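Heads up: the structure comes next, in structure tokens.
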Amino acid sequence: MKAPPVSISCQDLTLRFPVYGVDAKSLKKHLAKITVGGKLGRHHGSTDVTALSHLNLELKAGDRLGLVGHNGSGKTTLLRALSGAYEPDEGSIEVQGRIAALLDLSLGIDPTATGYDNIRLRGRIAGLSSRQVDERMDEIAEFSGLGPFLAMPVKTYSAGMQARLAFAAATAVEADVLLMDEWIAVGDADFQKLAHRRLLKLVERAGILVLASHDVELLRLYCNKVMRMEGGVASEVTPIKNLDALMAA
Amino acid sequence: MDTATHMLRTGRRGPLFEYQMALRDLRASAERLDLAWSLAWHDVVSRYRGSILGPLWITLSMGLMVLGIGFLWGELFRVSVHDFIPFVAVGIVFFGTVTTTINEGCETFVQASGMLSQTSLPMLTFVWRTVLRNLVYLAHHLVIVAGVLGYFGFWATADYPTAVLGLFFMVANVAWISMLVAIVSARFRDIPQIVQSITQAAAIMTPVFWLPDRIPPRYHLILDLNPFYHLLQAVRAPLLGGGVAPHTYLFLAAMAAVGWLVTFGIFANTRRRIVHYL
């Protein structure tokens, strides 16, 4: 069976966030408000933030999209929406192909479990079967370079070792659509070189890359298209050669 | 909710659509029950890494508690140890499963926030993870039940099929309660304390450590209206050679039906928002 071609399609995508203050997270305070009947404070302490507003995006195989924009402009929210974690309030998102989101490497890492267990867990979450994880275990273990430490709990690792483990496990997936929040090369200089090569291979295999980054050089290196986000509103997707003009606009 | 290679997310299209999407989540989580099982198994294995007795550690401490309470309280209540220890053992084991599944339910989504915010995994997978994990622990604790029933000679008179039926009713109810508190705890961070207070109160109000027939008739409502009593009774009574009153099944079936309807309704209406609560 031939799968349909890899693609991303967002139509009129709007995503609003409720932001809850401390008060809004307390049931007791909610009840107190009801019984006293007071309308003090802002709307139960929660405010809606429009993180993405009427965004349209069409990507097909071979597209390497760079996302630029200030902090809080909606880049990460868009990546999370593309990963399927955030549901749109209006419009739609459709993604064809296996998605891998490398947004936050440390997520899903259980510090009390061993390195091996964490690799297994991460692989299962990424959609691999137990057998597939076992098949890849040697390769992942070797790449991490952690050797005998893999049998020890992750909480005994140094920060750099944890980063190596997380990176090795997270990048062991096969993906058609690769979502990245900043280029995640980690570890010491040697490992960074290895990590870089591994990421490149992953990017080459993937049909579509969406990379959010502040690093202009990096974007020039890996992306062929670019889109600028500002306050949840996206610019047109333009070829990467227009990056300077886009940033200046 | 999606196949491995296709994902579609859309905005709200009315209440009916929200229920359809919630059902899809349910179906997807059922198809990937093996993932929930892997997560649950990971929890069990990693919690006991490094301790020699492994998960039997809790079983051992629970066993000691059964013996202590069995002998001492049996003496205080002037009940024969022969009757009281099996009663307490079965009670502690199954009541423990009920309360920890509910208490740990509070953490279900909060703990999974990392995975929920960057994957399209079905949300209910994490509810099943909590339930399955506690069933694995229950399987360990059954050693105590088996030992006690064997030693005191109840194994021959126990009605196992009826006990399994009771266990089914128990799990069917505990699962929705665990799911309900998971959703509500994600939204309101003071819920876990409230839930713990309730389960603690339930441990006192429910005949786990005391015999139900000691209660004066005028207080009988404490048993009749206590859901925990019915949950426990459906499993415990058949194991100890007693019958289960028909109204216990009626109570549990009604509770499961209403509970699932309400909880599923809440899930359908909050599903989109849960990840933002975290």
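Okay, here's what the table says:
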item	result
Single residue of B:R13, B:R9, B:R24, B:R78 found to be more than 30 Å from A:A113 (Cβ to Cβ), basic (K, R) and open to solvent by less than 10 Å² (accessible area, probe 1.4 Å)	B:R9
Residue in the stretch A:191-209 that is outside any helix (DSSP H, G or I), more than 22 Å from A:E135 (Cβ to Cβ) and modelled with pLDDT under 85 present	yes
Tally, over the stretch A:88-123, of residues that are under 15 Å from the mean Cα position of the chain (by Cα), open to solvent by 10 Å² or more (accessible area, probe 1.4 Å) and within 7 Å of chain B (Cβ to nearest Cβ)	7
Search result, residues across the stretch B:27-55 that are part of a helix (DSSP H, G or I), open to solvent by less than 80 Å² (accessible area, probe 1.4 Å) and over 21 Å from B:T119 (Cα atoms)	B:V44, B:V45, B:S46
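The values are calculated or read from the model by the stated rules, or taken from the named source; none is laboratory data. Computed from a predicted structure; not experimentally measured. Here Cβ is always computed from backbone atoms with ideal geometry, including for glycine, and neighbour counts include all displayed protein chains. Just the protein is used for accessible areas: all its heavy atoms, side chains included, with ligands, DNA and RNA removed. Shrake-Rupley method; radii C 1.70, N 1.55, O 1.52, S 1.80 Å.
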